[in-house]
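Okay, structure first, notes after.
The values are calculated or read from the model by the stated rules, or taken from the named source; none is laboratory data. Worth saying up front: this structure is predicted, and the values here are computed from it rather than measured. Here the Cβ is made from the backbone with ideal geometry for all residues, glycine too, and neighbour counts use every protein chain on show. Please note that ligands, DNA and RNA were not included when accessible areas were found on the heavy atoms of the full protein model with its side chains. Shrake-Rupley method; radii C 1.70, N 1.55, O 1.52, S 1.80 Å.
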Amino acid sequence: MPIMPNRKMEKLLTRCIIDHKENVYRLAYSYVKNKEDALDIVQDSIYKALKSIELLNKPEAIKSWFFKIVVYTSLDFLRKQKNVQIVDEETIDSYSSGTKDIYPNIDLEKTLDDLPHKYRSVIVLRYFEDLKIEEVAEILHENVNTIKSRLYQALQLLRITMNDEPAKEVK
């Protein structure tokens, strides 16, 4: 397939970004759980995509190519932030001994956060971004069967984790 001139590819990328801006932001946010960081990731991803647009061989795959950049930029960001733990007020309040009763509440978001990245990525892309298995495989640079397997394992882990906590009696 002939390589498209850069200007055409840039227009195609711009259209993709505009058409999917909410999904791209939501994808970044699903990793970092912070508005500013998610916006930074989107901005970095756009920069990386523009810088490497000539590497895109198939213009019809621009969406999954750009989503892949967002996923890897998010993972890079998380790796860099791994040693830095910022605690928000809500977390501090939950550990302080106040008069408020705090009950353990396991919800989907917390459980998803605890999943290893390889499983969380599959769940987020498949169910939250509503991508097909083939698109998820392309974004994560994996075999379709590997993605199916990871999806199955991720759902099993979610079921086990969500059902594992026994109900505790409140006194």
| What does the charge add up to near Lys118, with Lys and Arg as +1, Asp and Glu as -1, over the other residues with Cβ less than 12 Å from its Cβ? | +1
| request: Considering only protein heavy atoms, with the full assembly of protein chains and a 1.4 angstrom probe, order His117, His141 by accessible area, largest first. | output: His141, His117
| request: Give the calculated FRET efficiency between Asp114 and Arg15 to the nearest 0.05, with a Förster radius of 35 Å applied to their Cβ-Cβ distance. | output: 0.45
| task | Determine the gain in length on full extension of the stretch Tyr152-Asn34; use 0.36 nm per residue of separation and subtract their C-alpha separation, reporting nm with one decimal. | result | 39.7 nm
| Which entries in Lys35/Lys118; Lys35/Lys82; Lys11/Lys82; Lys8/Lys118; Lys8/Lys51 show an alpha-carbon gap greater than 25 Å? | Lys11/Lys82; Lys8/Lys118
| query | So how exposed is Ile147, as accessible area in Å² (1.4 Å probe, rounded to 10)? | reply | 0
